[in-house]
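Here's the structure we're looking at; comments come further down.
The values are calculated or read from the model by the stated rules, or taken from the named source; none is laboratory data. Just so it is clear, the structure is predicted and the values come from calculations on it, not from any experiment. Note that we place each Cβ from the backbone using ideal geometry, even for glycine, and neighbour counts take in every protein chain shown. For the accessible areas, the whole protein counts, side chains as well, though only heavy atoms, and no ligand, DNA or RNA atoms are used. Shrake-Rupley method; radii C 1.70, N 1.55, O 1.52, S 1.80 Å.
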Amino acid sequence: MLSLLGYFAAVFIGLSLGILGGGGSILTVPVLVYLMGVNPVLSTAYSLFVVGSTSVVGASGYFRRGLVSLKTAVVFLLPSLLAVFVVRKLLLPAIPHVLFSVGNVVFTKDLLVLVTFAMLMVGAALSMIRAKQTEQVLAEKLHHLPTFNYPLILGIGLVVGLLTGFVGAGGGFLIIPALVLGARLPMKLAVGTSLAIIALNSLIGFSGDISAGTPIAWTFLLGFLSFTLAGIVLGTYLARFIPGAKLKPAFGWFALTMGLFILLRELVFVS
């Protein structure tokens with residue numbers, strides 16, 4: 001029963017990506033862990049593949065319409081790709097399964113990944129809830145910034161690479177403000193460029209798992225991906241009729257609830 005809900009959720013992830021242009025990827029790890037029964041660390045690897053593949057589909061549509069800034073993507077990806085590959089190839093495999101224990105309470109790598117992910121999820125949710133205010137603030141700050149802020153773009157690229165590698169999420173809620181503020185891209189161009197960055201970041205990160213010898217259940221993973229791709233195709237079509245800006249705050253509240261649920265479930269369980 002839970003696995004059926006998981007495949008339904010995979011369609012919903014694709015739908016949200018197609019309609020909102022991002023955000024849905026933060027649901028991938030919780031769906032894999034709590035509905036499909038996949039190990040948390042392995043779920044981050046699977047999430048990178050699913051998020052990367054669906055973002056390729058989303059970015060291709062923006063690219064055909066000339067809404068991807070290649071120069072900005074290259075500058076952003078220079079530190080980001082290196083960071084995400086190193087985290088997946090070297091850092092995550094080096095972290096011991098048991099980190100420390102306090103009495104009968106054991107803190108594991110799985111718990112660290114889930115708690116870090118939940119905190120990122122809460123941050124992404126708050127960003128979506130305040131989407132309209134955020135866009136207004138970004139527009140106001142543009143007047144006081146240089147035309148192309150290399151340090152800002154490189155710095156956020158490094159941070160996003162580290163986060164993407166560790167928790168398996170795209171980090172679009174960090175990327176888009178960085179592109180608007182650092183490269184002064186219009187919002188639609190920032191969204192298209194963000195999807196291209198997420199696609200490359202995620203797939204390079206997944207290649208780190210492959211080279212590190214992570215066992216991949218390809219039949220399951222490709223089956224899950226097919227439902228997500230069906231969702232993003234449908235979502236891209238529905239985006240012509242459904243204003244994503246109005247749905248984003250509602251999706252943000254849903255993601256916030258999910259993030260808080262993960263924090264409470266995991267931390268209460270541990271204690």
Among [x] 197; [y] 116; [z] 128, the entry matching volume of the Cα convex hull per residue in Å³ as calculated here is [z]
Sorting ILE13, ILE19 on solvent-accessible surface, 1.4 Å probe, most exposed first, gives ILE19, ILE13
Measuring from the longest principal axis of the C-alpha atoms of the chain, the long axis of helix 172-182 (C-alpha) lies at a number of degrees, nearest 10, equal to 30 degrees
Counting only protein heavy atoms and rolling a 1.4 Å probe, one gets per residue an accessible area for the stretch 178-229 in Å² of 37 Å²
Rounded to the nearest 500, the 222 nm mean residue ellipticity computed for the chain from DSSP H runs (n ≥ 4, each -39500 (n - 2.57)) alone is -24500 deg cm²/dmol
In the chain the accessible area split gives carbon plus sulfur, as whole percent at 1.4 Å, a share of 73 percent
A correct Kirkwood calculation over the Cα atoms of the stretch 3-75 returns a hydrodynamic radius in Å of 13.2 Å
Relative to the chain, whose Cα atoms define the longest principal axis, helix 2-20 and its Cα axis are tilted in degrees, nearest 10, by 20 degrees
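Which of rounded, prolate or oblate describes the stretch 151-271 when judged by the alpha-carbon gyration tensor and an a/c cut-off of 1.5?
Here the stretch 151-271 falls in the rounded category.
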A correct Karplus calculation of ³J(HN,Hα) over the stretch 89-104, with 6.51 cos²θ - 1.76 cosθ + 1.60, θ = phi - 60°, whole Hz and x for Gly and Pro, returns 7, 10, 5, 4, x, 7, 6, x, 5, 9, 7, 6, 9, 10, x, 8
Given backbone amide H placed at 1.01 Å from N, residues whose amide H is under 5 Å from that of THR108, ignoring those fewer than 5 places away on the same chain, are LEU99
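What ratio of Cα Rg to 2.2 N^0.38 Å holds for the stretch 210-271?
1.65
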Longest principal axis of the chain (C-alpha) makes with the long axis of helix 109-129 (C-alpha) an angle, in degrees to the nearest 10, of 30 degrees
The answer for the net charge of residues other than VAL122 whose Cβ lies under 15 angstrom from its Cβ, with Lys and Arg +1 and Asp and Glu -1, is +1
